[in-house]
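Please treat every number below as a calculation from the coordinates, not as lab data. Being a predicted model, the structure only gives us computed values, none of them experimental. Note that we place each Cβ from the backbone using ideal geometry, even for glycine, and neighbour counts take in every protein chain shown.
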Amino acid sequence: MAEVRLADCAGFCFGVKRAVDTVHEQVKTGKKIYTYGPIVHNDEVVRELEALGVGVLENEKELTDLVSKDRGEGEKEIVVVIRAHGVPKRIYDRMEQNGLECVDATCPFVKRIHRIVEKESLEGKHIVILGNPGHPEVEGIRGWCHGAADVLETEEEAFEYMPPGGKTLCVVAQTTFNYNKFKHIVEIFQKKGYNDTVVNTICNATKERQEAARALAREADVMIVIGGKHSSNTRKLYDICKGECEYTCFLETLDDLHLEELPKSIRLVGITAGASTPNKLIEEVQNYVRINF
Ligand code: F3S
């Protein structure tokens with residue numbers, strides 16, 4: 001029987017736990033609860049909340065429609081919970097204008113970035129965000145900048161980057177950005193002689209989880225990474241583990257595990273999970289693996 005070991009840090013991080021707990025608390029108030037965007041990037045968690053009557057507003061249009069809908073007498077009051085990854089400032093403004101009750105579950109580490117870019121851009125700096133331009137967290141950060149901001153994802157983009165004439169830059173990163181890439185890009189900017197203020201806004205929870213996953217993957221014969229398909233931090237864990245362990249599997253649910261594709265003789269199975277993966281799912285996978293390997 002193979003040994004099954006869970007990485008030292010795996011699963012819900014502080015910010016995600018806080019956001020999910022916030023929604024559960026709000027459900028108890030008996031009001032109609034919506035989250036703005038999925039509260040975390042994990043379909044299982046979102047489905048569980050849906051079963052409790054929590055709705056998801058996917059975009060600004062749905063938020064507007066919600067307000068303009070004719071609400072009859074005796075309808076429940078509405079509360080909108082802001083997701084852990086945060087949203088642009090205009091979403092708060094829209095809720096306030098429309099008198100919607102808003103509960104902010106933005107992770108404090110993400111909120112810190114909002115405050116930095118808001119202040120620095122107001123003081124005239126040009127904001128550069130290192131991250132994935134399509135990620136909601138980056139969209140949220142952009143939405144707190146006064147004026148335009150640029151998003152860079154790769155070293156190549158940093159090499160080619162030309163800041164707007166004469167502007168001092170303020171460089172921040174998406175909380176899940178890879179630390180080595182961050183360092184390289186800052187070095188590139190230094191070599192190019194750009195005048196910048198750099199704030200390392202990468203979250204420690206991500207780094208700790210990545211280091212623990214790498215250490216375990218180095219020893220493991222099979223590595224299992226559990227998390228949502230849309231979760232960028234889970235995808236990064238997968239890439240790190242795959243670099244160390246050939247047999248690395250990405251599971252969203254137990255159904256994605258195909259034992260027949262794995263080698264027969266295995267000593268150690270390592271398990272890790274992204275920041276929005278619930279404990280229940282990690283335990284389910286752990287138990288299954290213990291019985292079947
Ligand atoms: Fe917050 Fe870090 Fe988690 S930024 S949401 S504690 S990964």
Query raised in the report: Rule-of-thumb check for the stretch 200-271: C-alpha Rg over 2.2 N^0.38 Å?
Result: 1.11
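Could you work out the percent of alpha carbon pairs in the stretch 14-107 separated by over 22 Å, rounded to a whole number?
Working: 941 of 4371 pairs.
Summing the P(r) of the stretch 14-107 above 22 Å gives 22 percent of all pairs.
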Query raised in the report: Relative to the Cα centre, what is the charge dipole magnitude of the stretch 14-107, using +1 at the beta carbon of each Lys and Arg, -1 at the beta carbon of each Asp and Glu, and rounding to the nearest 20 debye?
Result: 180 debye
Query raised in the report: Could you give me the ³J(HN,Hα) list for the stretch 4-18, computed from phi with Karplus coefficients 6.51, -1.76, 1.60 and θ = phi - 60°, whole Hz, x at Gly and Pro?
Result: 10, 10, 8, 4, 4, 10, 8, x, 2, 8, 3, x, 6, 4, 4
Requested in this report: Taking DSSP loops as anything outside H, G, I, E and B, show the longest stretch in the chain free of trypsin sites (Lys or Arg not before Pro) there with at most 10 other beta carbons within 10 Å.
Outcome: 70-263
Query raised in the report: Taking only the alpha-carbon atoms of the chain, what semi-axes of the equivalent ellipsoid follow from 5 times the gyration tensor eigenvalues under a square root, in whole Å, largest first?
Result: 34, 30, 13
Requested in this report: Scan around Leu130 for amide H atoms under 5 Å from its own, H built in the peptide plane at 1.01 Å from N, and keep only partners 5 or more places away or cross-chain.
Outcome: Leu152, Val172, Ala173, Gln174
**Report entry** the chain, helix-only ellipticity at 222 nm - DSSP H runs n ≥ 4, -39,500 (n - 2.57), divided by all residues, nearest 500
**Finding:** -13000 deg cm²/dmol
Requested in this report: Search the structure for amide H atoms under 5 Å from the amide H of Lys192, placed 1.01 Å from N in the peptide plane, and list their residues when 5 or more places away or on another chain.
Outcome: none
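Using the Cα centre of the chain as the reference point, and only Cβ charges (+1 on K/R, -1 on D/E), how large is the resulting charge dipole? Debye, rounded to the nearest 20. Don't skip to the answer; put the middle values down first.
On the way: 38 positive and 47 negative charges, 154 e Å.
Result for the chain is approximately 740 debye, rounded to the nearest 20.
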Query - Isotropic mean projected area of the C-alpha convex hull, the stretch 109-198 (nm²) - result: 5.2 nm²
Query raised in the report: Quick one: Cα centre-to-centre distance for the stretch 69-141 and the stretch 173-214, in angstrom?
Result: 23 Å
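Counting alpha carbon pairs within less than 8 Å and at least 6 residues apart, what relative contact order, in whole percent, applies to the stretch 109-198? The partial results should precede the final answer.
Numbers: 125 pairs, mean separation 29.5, N = 90.
It rounds to 33 percent for the stretch 109-198.
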Query raised in the report: Which length gain, in nm to one decimal place, applies between Ile291 and Glu261 when the Cα-Cα distance is subtracted from 0.36 nm times their residue separation?
Result: 9.1 nm
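Got the relative contact order for the chain handy, in percent, Cα pairs under 8 Å and 6 or more residues apart?
Numbers: 515 pairs, mean separation 67.7, N = 293.
Relative CO of the chain lands at 23 percent.
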Query raised in the report: So if R0 is 22 Å, what FRET efficiency would Glu208 and Glu187 give, r being the distance between their Cβ atoms, rounded to the nearest 0.05?
Result: 0.40
Report task. Please list the non-local residues whose amide H lies under 5 Å from the amide H of Ala273, H modeled 1.01 Å from N, same-chain partners needing a gap of 5 or more. Result -> Gly11, Ile226
Report task. Can you put Ser231, Ser121, Ser276, Ser265 in order of Cβ neighbours within 10 angstrom, beginning with the fewest? Result -> Ser265, Ser121, Ser231, Ser276
Query - Selection from Tyr161, Ala173, Gly131, by position along the positive dipole direction of the stretch 109-198 (Cβ) - result: Ala173
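Test of understanding: ordering Thr64, Thr234 by Cβ neighbours within 10 Å, fewest first, what list do you get?
Thr64, Thr234
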